[in-house]
Amino acid sequence: MATVEKLAEITVDPEVQAAIDRALEGVRDPDSMRQAAERMDRMREEMRARVGNVNLAVPLIREIRDEE
């Protein structure tokens, strides 16, 4: 019996695809970078409002150092 393989279709947001294309071409767009930074700041503040300040890095690094 023959096996037929079908590739999964991957859908990429056009804005993300444009950012990927710019990065691959080595183009730095200050306006897009500013917008992305603002969006990340907004998301960080929303997360902080929902769950509070999450400080995981320092305890994890100390734990790793103590194991050595």
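Before moving on, here are some points about what is shown:
- Of all residues in the range 1-32, those satisfying the criterion of being in a helix (DSSP H, G or I) and open to solvent by 90 Å² or more (accessible area, probe 1.4 Å) are Pro14, Glu15, Leu24, Glu25, Pro30.
- Scanning the range 33-54 for residues that are open to solvent by 100 Å² or more (accessible area, probe 1.4 Å) and among the polar types (S, T, N, Q) returns a single hit, Asn53.
The values are calculated or read from the model by the stated rules, or taken from the named source; none is laboratory data. Just so you know, these numbers come straight off a predicted model, no measurement behind them. When the accessible area is computed, the model is the full protein with side chains, heavy atoms only, and any ligands, DNA or RNA have been set aside. Shrake-Rupley method; radii C 1.70, N 1.55, O 1.52, S 1.80 Å.
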